[in-house]
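Contents: one structure, followed by commentary.
The values are calculated or read from the model by the stated rules, or taken from the named source; none is laboratory data. It should be emphasised that the depicted structure is a prediction, and the values quoted were computed from it without experimental measurement. Here the Cβ is made from the backbone with ideal geometry for all residues, glycine too, and neighbour counts use every protein chain on show.
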Amino acid sequence: MSVMETLQVQGHWTERDLETLPDDGHRYEIIDGVLLVNAAPIPDHQEVALRLWRLLDDAAPDSLRVLVAPVDVVLANDTVVEPDVVVALRADFSGTNLPGVPLLAVEVLSPGTRRIDLAVKLERYRRAGIASYWVIDPATLRLVARELVDGEYVVVADIGDAQTWDAILPFAVSITPSRLLRGR
């Protein structure tokens with residue numbers, strides 16, 4: 001599997017099945033019973049995710065926890081995802097994962113995960129009731145933020161490069177995509 005591929009393994013996988021998989025450097029997710037095997041992310045992906053994590057963590061109130069992948073978010077017995085950055089109430093985390101719906105899920109696009117992040121996860125996160133879903137493309141330094149309104153996602157920000165967006169949910173924070181990746 002190349003650095004950017006996602007392999008889909010058919011069958012009906014569950015949260016319990018994840019516990020049987022090796023700790024081999026791949027990222028494993030299950031969406032509606034389908035196992036997704038993702039290769040390790042590329043450096044630009046990781047830099048964007050870590051810089052965003054730092055920005056959010058510094059701005060978050062103490063009642064919230066901001067984590068960067070890998071952390072399992074259990075949306076259902078047959079849907080366990082690993083958003084690149086996740087924000088949830090501190091009290092909602094178990095000792096090993098987040099068994100429920102976060103306030104914010106962020107995906108940083110990679111060529112191999114683009115379709116899943118922009119379509120499959122978008123729909124699954126909407127159905128789960130995740131209030132805010134952000135997608136960042138490190139190749140174009142574009143951020144698209146969606147918020148759940150009456151059960152549907154509405155785009156509340158679509159910015160690029162040196163533009164700044166003042167997010168309100170899940171807490172107030174200013175984000176400028178060009179600051180998430182050095183040397184660009």
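Please find, among Thr96, Thr113, the residue that is closer than 20 Å to Val71 by Cβ, of a type outside the set (Gly, Ala, Ser) and loosely packed, with under 14 Cβ neighbours inside 10 Å.
Thr96
Only one of these is farther than 19 Å from Asp44 by Cα, at pLDDT 95 or above and not acidic (Asp, Glu): Ser174, Ser94, Ser178. Name it.
When all the criteria are applied, what remains is Ser174.
Given the residues Arg54, Arg65, which is the only one that is touching a Lys or Arg at 6+ places or on another chain (Cβ under 7 Å), at pLDDT 95 or above and of a type in the set (D, E, K, R)?
Answer to the check: Arg65.
Can you name the residue in region 140-166 that is surrounded by 15 or more Cβ atoms within 10 Å (Cβ to Cβ) and in contact (Cβ under 8 Å) with a residue 24 or more places away in the chain and is also farthest from Asp32 (Cα to Cα) among such residues?
Ranking the qualifying residues of region 140-166, first place goes to Leu141.
Please work out which one of (1) surrounded by fewer than 23 Cβ atoms within 10 Å (Cβ to Cβ); (2) farther than 14 Å from Pro41 by Cβ is the condition Leu104 fails and give its number.
Among (1) surrounded by fewer than 23 Cβ atoms within 10 Å (Cβ to Cβ); (2) farther than 14 Å from Pro41 by Cβ, the lone unmet condition for Leu104 is (1).
Are any of the residues in region 73-90 closer than 20 Å to Trp134 by Cα, in a strand (DSSP E or B) and not aliphatic (A, V, I, L, M)?
Yes, that holds for at least one residue.
From Val48, Val101, grab the single residue that is in a helix (DSSP H, G or I) and in contact with a helix residue (DSSP H, G or I) (Cβ under 6 Å, 6 or more places away or on another chain).
Val48
In region 68-86, what count of residues is obtained for those that are closer than 26 Å to Arg179 by Cβ and either of a type in the set (Gly, Ala, Ser) or without any contact (Cβ under 8 Å) to a residue 24 or more places away in the chain (or both)?
Total meeting the criteria: 3.
Which of the residues spanning region 69-90 are more than 24 Å from Arg16 (Cβ to Cβ) and either charged (D, E, K, R) or modelled with pLDDT under 95 (or both)?
Asp84, Arg90
Only one of (1) surrounded by fewer than 14 Cβ atoms within 10 Å (Cβ to Cβ); (2) under 14 Å from the mean Cα position of the chain (by Cα) fails for Ser63. Which number is that?
The one condition Ser63 does not meet is (2).
Find the residue count for region 109-141, including only residues that are among the aliphatic types (A, V, I, L, M) and in contact with a helix residue (DSSP H, G or I) (Cβ under 8 Å, 6 or more places away or on another chain).
5
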